[in-house]
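First up is the structure itself, then whatever we jot down about it.
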Amino acid sequence: MKVRIVTLGCKLNFAESSALMNELVRRGWERAKPGENADLVIVNTCTVTDTADQKDRQAIHRVRRENPGARIVVTGCYARLHPKEIAAMVEVDRVVRKRDDVFLPAYSKDDRTRCFLKVQDGCNYFCTYCAIPYARGRSRNPSVESVCAQAMTVLGEGAKEIVLTGVNIGDFGRSTGETFIDLLRALDTLPFDAPYRVRIGSVEPNLLTAEIIDLVARSAHIAPHFHIPLQSGSDEVLRIMNRHYDTSLFRERVDCIRRVLPHAFIGVDCMVGVRGETDERWEAYLRFVESLPVSQLHVFTYSEREGTRMLTMDLPVVPAKERHRRSQVLHQVSGSKLQAFYAACEGVPQTVLWEGKNDHGVMYGFSENYIRHSRPYDRLRVNTFETLPA
Ligand code: SF4
């Protein structure tokens, strides 16, 4: 019997789809090849924005068109929050709502070089614009010991880079009495002889302590790459969002990184157009972001999420056209920051992990501080590290 899994959304979803496929293959199913008709298609959905919901529905329509005889099962975050809506779609045979009270281990196996390793799930923060805590439940995690055992398995299977993924990974340890820095220390000292790299996923600013930054600066394996959600550069808007920090804490974290890791990659999530983001607060937001010595901005446009507290708050609404304009402005700011970052890293020695060849047959890979490099293809160098001279 042939099975296909169609995955939408975040790295966590990809890790979970990969784990699900492994389990199905272990039980005798066969992965359907591209273009091959499947007997079973599973759609693993995302619900982070309105657009994500639309993409889920489009994927379901497409899957039915491409697999007329298949059984179609829909799961994931959209299925968790809107099971009836999905079950009402003629294309769908079954909706499976994942449990949100147990930790289901998972790691992605689809990429030879890099593996997304799920280390945490759920969230207790309830930011007022976000539906994820309702889709993924409360914050939970496995033990440091079991994550390290999985990491050893992944490295033993040939992966060279482990990307730590979850919903709020800085909150690791909530269900085991351990801490995120305990996990990082253990992953930095795995009893594995060959070179390996650990890349940290998104960490909330209030959970990214100076101790963690210092550990990364001194570590042998953890990449100097930080992904930090800011979401707004206005303290009033951060309060409206129920975020757990203000702009001065955020700046203090960025300055701390730049002090000990001047060439670290710092990627920052920025959301624009949330309710309450008046023109004045937007101007403050923009000035703050422009003043930050970071590498890149990941810009998201706010979309109303059913069931979130922000919809019950009496706040001015930012028109869609203006949300789009503000998003464009931040994309431009991001472009200049990335160029400045690349220029600042000129002449700095970097170690590249070569991953494979692109559509033009050129080999590509990423440095520890997430700069993409390319070179003529050499089959023997795929999935190996190379230190490039300054
Ligand atoms: S920290 Fe906030 S934005 Fe992130 S998943 Fe939790 S509730 Fe959502």
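The values are calculated or read from the model by the stated rules, or taken from the named source; none is laboratory data. In this text the structure is predicted, and so the values were computed from the model without any measurement. Glycine also receives a Cβ, built like all others from the backbone with ideal geometry; neighbour counts cover every protein chain displayed. Keep in mind that these areas ignore ligands, DNA and RNA; they rest on the heavy atoms of the full protein, side chains included. Shrake-Rupley method; radii C 1.70, N 1.55, O 1.52, S 1.80 Å.
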Excluding ligands, DNA and RNA, what is the solvent-accessible area per residue of the chain at a probe of 1.4 Å, expressed in Å²? 46
Going by accessible area, probe 1.4 Å, with all protein chains left in place, what is the ranking of L330, L104, largest first? L104, L330
Between segment 108-153 and segment 289-309, what is the C-alpha centre distance in whole Å? 21
Which helices count as membrane-span-like in the chain under these terms: full DSSP H, at least 30 Å along the axis by C-alpha, Kyte-Doolittle mean of 0.5 or more? none
DSSP-assigned coil residues among GluC sites (Glu not before Pro) in segment 271-305, each with at most 15 further Cβ atoms within 10 Å: E304
Could you tell me the distance between the Cα centroids of segment 54-85 and segment 228-250, to the nearest Å? 35
Please report, as a whole percent, how much of the solvent-accessible surface of the chain comes from carbon and sulfur atoms (probe radius 1.4 Å). 52
Which part of segment 71-87 falls in the paramagnetic zone of R97, meaning amide N under 19 Å from the point 7 Å along Cα-to-beta-carbon? 73-87
Percentage relative contact order, the chain, counting C-alpha pairs under 8 Å, at least six apart: 11
Cα gyration tensor category, rounded, prolate or oblate, for segment 2-95 with a/c compared to 1.5: oblate
From the cross-link list K55/K337; K118/K321; K98/K357; K33/K98; K84/K321; K11/K321, the entries with a Cα-Cα span beyond 28 Å are K55/K337; K118/K321; K98/K357; K84/K321; K11/K321
